[in-house]
1. Against the longest principal axis of the chain, how steep is helix 33-45, in degrees 0 to 90 to the nearest 10, with axes from Cα atoms?
2. 7 Å from Cα along Cα→Cβ at both residue 2 and residue 89: what's the point-to-point distance in nm?
3. Using only the Cα atoms, what convex hull volume per residue in Å³ does region 36-148 have?
4. Using a 10 Å cut-off around each Cβ, can you sort 99, 133, 23, 86 from fewest to most neighbouring Cβ atoms?
5. Could you pull out the trypsin sites (Lys or Arg not before Pro) across region 35-142 that fall in loop regions by DSSP (anything but H, G, I, E, B) with no more than 13 other Cβ atoms inside 10 Å?
6. Computed FRET efficiency, Cβ-Cβ of residue 126 and residue 50, R0 25 Å: what is it to the nearest 0.05?
7. Between residue 71 and residue 32, how many nm apart are label points set 7 Å from Cα along the C-beta direction?
8. With each label point set 7 Å from Cα along the Cα-Cβ vector, what nm distance links residue 141 and residue 20?
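FYI, it's all coordinate maths here, none of it is from the lab. Please read all numbers here as calculations on a predicted model, not as lab measurements. Using ideal geometry, Cβ is built from the backbone for each residue, glycine included, and neighbour counts are taken over all protein chains shown.
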Amino acid sequence: MQYNLALTYFQLNQFDKARAPLEAALQRWPDLFQLNALYGAVLAKVGKEASAYKALRHAHELNPQDSGATQMLYMAALELAGKSEEGRDYSQSLTYLQEAANLRPEQPEPHRRMAEIYSRTAKVDQADAEQREADRLDKNSGNLDKGR
């Protein structure tokens, strides 16, 4: 019942109202995929990226075949990578980007962003390898000019 209430609030774009029933339900059933996925989506909508990432990561661990949760986790990882990069925490940014690359191995963006960080930190060999991988993925997807 709490899930249905939270889902209704989510569909009405009343994300703050959706949080309370989800938090209560997660205390009782912390390993229920649907609760974690919806909670992560709600937290992402209200700008709580780090908490959203944690909930989505747990949801993905519970059900790695769910493409929606995987996509949301991918986006959260990219968002947190950007924030870490802005704060010059390149190590943490690379960790998030590597996870994004593992979640969506066909996407060039994480590799392109890793190449930029490696270039900035004078790791030329890694930068070149990541840029080659981004170029290969761009070419394979038929989007050679996309994102440049």
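1. The answer is roughly 70 degrees.
2. 2.9
3. Per residue, the Cα convex hull of region 36-148 comes to 102 Å³.
4. On the way: 99 21, 133 18, 23 14, 86 9.
If I rank by nearby Cβ atoms, fewest first, I get 86, 23, 133, 99.
5. Answer by residue number: 88.
6. 0.45
7. It works out to 2.4 nm between the two label points.
8. A separation of 4.1 nm, rounded to one decimal place.
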